[in-house]
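Peer 1: What follows is a single structure, and I will ask about it in a moment.
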Amino acid sequence: MDIELIKKYADMFKIALIIVVVAILASIFLLTKIVPESISYFGNHNKYAETDNKLAAKKAELETAKKNKAKQEARNAQGIELKAFYKNINSIGNSTSDILAGEIQEINDLIKFYGIKIYKVNYTYDPADDVFFKEKKDVYSVCKMNVELFATYMKFQSFLKDLYKHEHFLDIQAIEVNPYKKDKSILSIKMDLNLYAEKDPNAGASREVPPSSKKTDDSNLNLDLDLNI
């Protein structure tokens, strides 16, 4: 074979080999630069996304706080504030029925004051589902009062206004109002409210309290309710 031709092919092989080696080294160099930067980019991207999520959560908390503050300011503007809990100042008895007897009597007196007829009333002391009883049963006593009433619209409206202005903290949980079947000018009312009191550690003897349940036959009720307050 011609020596010159062999040298030519050898030179071409060397050039090709050099090109391959340079390409490999260039690839390695690029990988050492690109891969860390890519990892850094995606890492930073994840951090930014996590930061955005935290920021969004904080903004949501801030908006909730603003709304709650606005509601409280609106309540304060209307003269509505967190009221004091009823206290058994007479220190007579330390059972729930003893502690709340005075508060129950105040609500019953308010009902009677407006000439509202009580059809049925049921008292449940320290209901297990009440948040105050569950969290602070050593501090607060609770009475769930379920009442069924008959009243004119105006009388019931006036009663509710006074109930909302009642000096002690209470929770009106539900109100259901329907026309009385025998007289459409009269309302048949079902109301659930929780009454609360702070326990008195120095309480003494018991006193008479309302029965756990009271019901009147509606056929015997005198529903001659004056439409004027």
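Peer 1: Starting from region 172-200, keep only residues that are closer than 17 Å to PHE159 by Cα and in a strand (DSSP E or B), then list their pairs with residues that are at pLDDT 90 or above and of a type in the set (Lys, Arg) whose Cβ atoms are within a distance under 6 Å, requiring at least 6 positions of separation or different chains.
Peer 2: From residues that are closer than 17 Å to PHE159 by Cα and in a strand (DSSP E or B), the pairs are GLU176/LYS190; ASN194/LYS144.
Peer 1: I'm told ASN94 meets every condition in (1) assigned to a loop (DSSP other than H, G, I, E, B); (2) under 19 Å from LYS190 (Cβ atoms); (3) not β-branched (Val, Ile, Thr) except one. Can you identify the failing condition by its number?
Peer 2: Going through the list (1) assigned to a loop (DSSP other than H, G, I, E, B); (2) under 19 Å from LYS190 (Cβ atoms); (3) not β-branched (Val, Ile, Thr), ASN94 breaks only (2).
Peer 1: In addition: Exactly one of these conditions fails for PRO127: (1) closer than 23 Å to ASN94 by Cα; (2) part of a helix (DSSP H, G or I). Give me its number.
Peer 2: (2)
Peer 1: Another one. Could you run through region 128-158 and say how many residues are surrounded by fewer than 17 Cβ atoms within 10 Å (Cβ to Cβ) and among the aromatic types (Phe, Trp, Tyr)?
Peer 2: 1
Peer 1: Just to be sure I understand, how many residues within region 97-124 are farther than 16 Å from PHE85 by Cβ and surrounded by 14 or more Cβ atoms within 10 Å (Cβ to Cβ)?
Peer 2: Residues that pass the stated criteria total 15.
Peer 1: For LYS161, are the conditions met, namely being loosely packed, with under 15 Cβ neighbours inside 10 Å and either over 27 Å from LYS181 (Cβ atoms) or not hydrophobic (A, V, I, L, M, F, W, C) (or both)?
Peer 2: yes
The values are calculated or read from the model by the stated rules, or taken from the named source; none is laboratory data. If you're wondering where the values come from, they're calculated on a predicted model, not measured in any experiment. Neighbour counts are summed over all protein chains in view; Cβ atoms, including those assigned to glycine, are modelled from backbone coordinates with ideal geometry.
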